[in-house]
1. Considering (1) more than 25 Å from B:ALA317 (Cα to Cα); (2) of a type in the set (Ser, Thr, Tyr); (3) part of a loop (DSSP other than H, G, I, E, B), say which one A:TYR58 fails and leave the rest.
2. Only one of B:GLU184, B:GLU179, B:GLU174 is within 23 Å of B:ARG392 (Cβ to Cβ) and not in a loop (DSSP other than H, G, I, E, B); which?
3. Quick test of your reading of the structure: A:PRO221 fulfils all but one of (1) modelled with pLDDT of 95 or more; (2) of a type outside the set (Ser, Thr, Tyr); (3) under 22 Å from B:SER252 (Cα atoms). Name the failing condition by number.
4. How many residues does segment B:12-27 contain that are closer than 17 Å to B:TYR308 by Cβ and not in a loop (DSSP other than H, G, I, E, B)?
5. What about B:LEU120, is it buried (at least 22 other Cβ atoms within 10 Å of the Cβ) and either hydrophobic (A, V, I, L, M, F, W, C) or without any contact (Cβ under 8 Å) to a residue 24 or more places away in the chain (or both)?
6. Among residues belonging to segment B:18-36 that are facing chain A (nearest Cβ under 7 Å) and surrounded by 20 or more Cβ atoms within 10 Å (Cβ to Cβ), point out the one that is farthest from A:THR249 (Cα to Cα).
7. Looking only at segment A:332-365, which residues are in a loop (DSSP other than H, G, I, E, B) and free of Cβ contacts under 8 Å to residues at least 24 places away in the same chain?
8. Do we find that A:ILE140 is touching a residue at least 12 places away in the same chain (Cβ under 8 Å), more than 14 Å from every other protein chain (Cβ to nearest Cβ) and in contact with a Pro (Cβ under 8 Å, 6 or more places away or on another chain) in this structure?
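The values are calculated or read from the model by the stated rules, or taken from the named source; none is laboratory data. Keep in mind that what you see is a predicted model, and the values were worked out from it rather than measured. For neighbour counting, all protein chains shown are included, and Cβ atoms are generated from backbone atoms with ideal geometry for every residue, glycine included.
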Amino acid sequence: MTATTPTPFTIAVPQGKLDAILAKVRAYEWHDMPEIAPGGNRWAYGADMDYMKELCAYWVEKFDWRAAEKKLNAFPQFHAELDGLKIHFIHVKGSGTKPENLILTHGWPGSVFEFYDVIDRLAHPEKFGGNVEDGVNVVIPSLPGYAFSGKPKTPLGPKATAALWDRLMREVLGYDTYIAQGGDWGSVVSGWLAYNHSPAKGGGCKAVHLNMWGVRPSVLPETDAEKQWAAGAAMVVELESAYLRLQMTKPQTLSYGMMDSPVGAAAWIIEKFHGWSDRRGADGHEHIENAFTKDQLLTNLMIYLVTDTFGTATWFYRGMMEEGGTNMAPDTKVEVPTGIANFPKEFLTFPPRSMVEKGYNIIRWSDFEKGGHFAALETGEVFANDVLAFVSQVKGGAA
Amino acid sequence: MTDRLIPADPFTIAVSDSEIDDLKRRLAATRLPNEPLGNEHWDYGTNLSYMEKLLAYWRDEFDWRAQEKSLNRFPQYRATLKDEDGEEHTIHFIYERGSGDNPVPLIMTHGWPSTFREFLDVVDPLAHPEKYGREGPAFDVIVPSLVGYGFSSIPRKPIGPARIADLWHRLMTEVLGYERYAAEAGDWGSFVTSRLALQHADSVTGIHLTMLPLRPSLKHESQPPVSEEEAHWIATMQKWWRQEEGYRSIQSTKPMALAFGVMDSPAGLAGWLADKYYRLGDTDKTDTMKGMIQRFPFDVILTQFSIYWFTGTINSANTLYKAGPAEGSALLRPGEKVTVPTAYSEYPIDVLPETPRSWAERSYNIARWRMMDRGGHFAAMEEPELFADDVRDAFREMGITQGR
């Protein structure tokens, strides 16, 4: 059990790496896709060919990785080693005299970039009309096998990652207690932090804020509303979970094409940003760019490509399976104060509050009008304000 | 014989030099993934060391021209058929006339991730048994490329086995002029062939399958209760399938999430497909590298992959998984059953139990039942001699020895 002191880190991708990626994007030979009736859903079979063409044209002609890199480097980043595994993280000290500590965890196919637009809001709320004393110390790690973190030798899952995060916060950064936040895998890691690493269990996680239904109590749906939710969730799994089934069982079989083909990886990832986001526009039409700009989509994607982590990122699914899934032991729950942020276009929806309460000690439940799976990136201000309000509740001793 | 209403044009495979150069260039620029420790048994998917060897061979030693010549050694044709929606499908097929004056017409259909190449080594032994010192029957051998595969055309939208079966029937009758014919297949080919037997029972004299895809409507009164043996077999298959079905899940729901990578990267295509050969082939799994290469020599497996690559059909081939379930043609209607005499030969896949005959008899008129002791999912490639002998024996035992 060793942990090193953090060393500062700056992203600086060699030009040759960028050139090699762009050469393949430029040389892409477009092919057929199944015919879609006029007015039909062009994403019905996966990624829409027309949108991929448009995105790739932008990628080679207009996208500026160096500008993206500059934005990513705008906040202090570090590497620390935990048991030989390098962990990359952003660390921004909050305003105020006694900031709380907050660890935010991204998921797949996201990255730390999801949180870039909320970092200042969380650390320095006074800059946005908030109270200076609400500022938090912000820690945002890259998951093992993702981005600028190291690649584990075998798949690691969210439970193992939570154990690493607790040590990152306490041993490496000296934060004895902290609040965890996450969506997607981040919600599972954060859920395990709250479940396995609470102060009562000798850890430092004293509260948790979740924007996806991750670690679940071992209960069956009981009320009609719960049963209705379960039926809907099963349908989503049937139609939307193929990537999960594959990444959980045979990540290596997928990785050859995705590591070799930047456009291939783009389609695999962008299809998810399309499917899981709130694409509703003011004009009543849906479009992926109502949720994200091309620069945002490509910055997140390029983080996978420049670090050669498409493959190792998918290992996380297998890691989850190997460590036994995401269910709590029967008759147990998360005891620390919990905030739930329920965004309307989340594809893996929260069950009714009655069911969530069987697994969590809920002190705050927020239903929003807008936003999806990538809430911090889609609707940063709303997301940050909810997190800050939750932190205040925890600080004020609400329970 | 009936009148031939639709012409077939002779066809020869001729990939251009520039396409071959392009493939080699892409292989040279391949960026490989890393691999979890402990993947010697392909537990996380396609093994990296195997891929490194395979891709180096594809790039440096594989001689497409030699393979092309071998693929071209039997007469091939293409015929264009218009379907009920007015869409034209161009069907590529090998057509080798059998010895003697009355050979049995036999249409043999491959599946995924295979091509018509699967049957290449059994065409001659089935068409000309006397050359191999074997008793008849001799067959007129017809080996088509599935719609969306190989040198057949890519459909505008994925079409499933029931519709492909109607095209096959027209290929046999309207293009080739047969009134009655036999059929043989495994994998997706067995879906097509089963549908052929259901939809054109008067024309199909008998079928030989190496996979049994049709499922009975268990609720119907004609169906006896599921036996203990059947229940155990179903549970074992389902458990295995949970581990193996990732590829199917993707291809049946979001083929266009996968397509961009496997259309762009020959390594991606090979990595995606090789997994199935390892898993379903009768490979020696003690030394997995040796076992895989012995079972599927690089020249053989790379010819398969090269056909997908050069024809640009990996995506249209994958989308058969979207069309098949959408068509719902694998589930028999209550009381429905294949009445055509059916021979079933099961080639072993190491981890799977034998299919209970009682299960097969719910959906098929089983006239001959064989459990083979070697040869896997790609039996015609893996054990061509054993396979050809078994097909010949099966039709002879079912009394199908004459074309007319």
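1. (3)
2. Just a single option satisfies the conditions, and that option is B:GLU184.
3. Exception for A:PRO221: condition (3).
4. 7
5. no
6. B:THR30
7. Within segment A:332-365, A:GLU357 is the sole residue that qualifies.
8. In short, no.
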